[in-house]
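First up is the structure itself, then whatever we jot down about it.
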Amino acid sequence: MVRLNVETRAFHAAADAGWRALMTVEVTTPQYVDQLVRVYGFEAPLEAALAYTPNLDLVLDAHERFRAGYIAQDLLALGIRPAEVARLPQCVLAPFASPLEALGWLYVAERWTLLHDEVRRYIRVRLPQATDACVYLSSTEGHVSARWQELGRRIDRAARTPRMLDEVIDAANAAFRTWISWSTRADVVLRKQG
């Protein structure tokens, strides 16, 4: 995990920007909704790609890490109608070629959980009307560190050679680039709808 963190750190600030932007005095419910929509549009197709990745189940049970349904619950709690949730824009992802590639992509989505407790606490104070819309942010409450360490162990076991770890790192970098690009495209769509 250390090498993976170092090799991807150039993307960390940009990838975290949407979550960090919620921790300002001026945060609004529409900003929170927009962030949830962006993340849903990435995590829902990521979960589908992970579900159809051959042999991933030999490395880890990715289904235990699926959280897109929690985002949908939060959006519904924030007043988004079910039909609107069903039509939310999503990033296009295909199943991954290998478990190593899948682990690189999963690393990106799991990294956000390191911010969830802080963001959730902030949202509950600044946006009390959104208190019931923090299911996604609460989904890893109390076990973020254990999940993160477990993912690291799974990556260490799967990437037994430097070349295999390079595959995970390349995939994580591709996932970060895709997230940043998707987030920008989603912002354009959200501005048009807003």
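The values are calculated or read from the model by the stated rules, or taken from the named source; none is laboratory data. As the structure is a prediction and not an experimental result, all values here were calculated from the model. As a convention, Cβ positions derive from the backbone with ideal geometry for all residues, glycine included, and neighbour counts pool all protein chains shown.
All of (1) in contact (Cβ under 8 Å) with a residue 24 or more places away in the chain; (2) under 30 Å from residue 160 (Cα atoms); (3) not in a loop (DSSP other than H, G, I, E, B) hold for residue 60 with one exception: (3). What pairs can you find where one residue is in region 1-16 and farther than 15 Å from residue 156 by Cα, the other is of a type in the set (Gly, Ala, Ser), and their Cβ atoms are less than 7 Å apart, with a gap of 6+ or different chains? Partner pairs satisfying both residue conditions: 8/172. For region 135-182, the tally of residues that are under 19 Å from residue 41 (Cβ atoms), surrounded by 15 or more Cβ atoms within 10 Å (Cβ to Cβ) and of a type outside the set (A, V, I, L, M) stands at 6.
For every residue, the table says whether it meets (1) touching a strand residue (DSSP E or B) at 6+ places or on another chain (Cβ under 9 Å); (2) among the small types (Gly, Ala, Ser); (3) closer than 22 Å to residue 159 by Cβ.
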residue	(1), (2), (3)
29	no, no, no
32	no, no, no
36	no, no, no
46	no, no, yes
55	no, no, yes
61	no, no, yes
68	no, yes, no
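So in region 117-130, with the set limited to residues that are touching a residue at least 40 places away in the same chain (Cβ under 8 Å) and touching a Ser or Thr at 6+ places or on another chain (Cβ under 7 Å), which one is surrounded by the fewest Cβ atoms within 10 Å (Cβ to Cβ)? If we take residues in region 117-130 being touching a residue at least 40 places away in the same chain (Cβ under 8 Å) and touching a Ser or Thr at 6+ places or on another chain (Cβ under 7 Å), then 129 is surrounded by the fewest Cβ atoms within 10 Å (Cβ to Cβ).
A single member of 105, 112 is within 13 Å of the chain's Cα centre (by Cα), over 25 Å from residue 23 (Cα atoms) and either crowded, with 21+ Cβ neighbours inside 10 Å or among the acidic types (Asp, Glu) (or both), and it is 105. Within region 94-126, which residues are under 17 Å from residue 5 (Cβ atoms) and of a type in the set (Phe, Trp, Tyr)? Selection gives 105, 107, 112. For region 85-102, a residue qualifies if it is assigned to a helix (DSSP H, G or I), hydrophobic (A, V, I, L, M, F, W, C) and surrounded by 19 or more Cβ atoms within 10 Å (Cβ to Cβ), and the qualifying residues are 100, 102.
Listed here are the residues, each with its yes/no results for (1) closer than 21 Å to residue 60 by Cα; (2) among the basic types (Lys, Arg); (3) part of a loop (DSSP other than H, G, I, E, B); (4) under 18 Å from the mean Cα position of the chain (by Cα).
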residue: 132; (1), (2), (3), (4): no, no, no, no
residue: 151; (1), (2), (3), (4): yes, no, no, yes
residue: 168; (1), (2), (3), (4): yes, no, no, yes
residue: 181; (1), (2), (3), (4): no, no, no, yes
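I'd like the full set of residues that are outside any helix (DSSP H, G or I) and polar (S, T, N, Q), limited to region 1-39. Full working, then the answer.
Going residue by residue through region 1-39, those that are outside any helix (DSSP H, G or I) are 1, 21-28.
Scanning region 1-39 gives 24, 28.
Which numbered condition trips up residue 27, out of (1) surrounded by 12 or more Cβ atoms within 10 Å (Cβ to Cβ); (2) on the phi > 0 side of the Ramachandran plot; (3) not aromatic (Phe, Trp, Tyr)? The single condition residue 27 does not satisfy is (2).
Which residues, counting only those in region 21-80, are closer than 18 Å to residue 187 by Cα, more than 16 Å from the chain's Cα centre (by Cα) and of a type in the set (A, V, I, L, M, F, W, C)? Listed by number, the residues that qualify are 27, 80. When the criteria are applied in full, residue 136 fails the requirement of being of a type in the set (Phe, Trp, Tyr), modelled with pLDDT of 95 or more and farther than 24 Å from residue 25 by Cα. Here residue 49 passes the criteria (1) under 15 Å from residue 136 (Cα atoms); (2) at pLDDT 95 or above except the one numbered (1).
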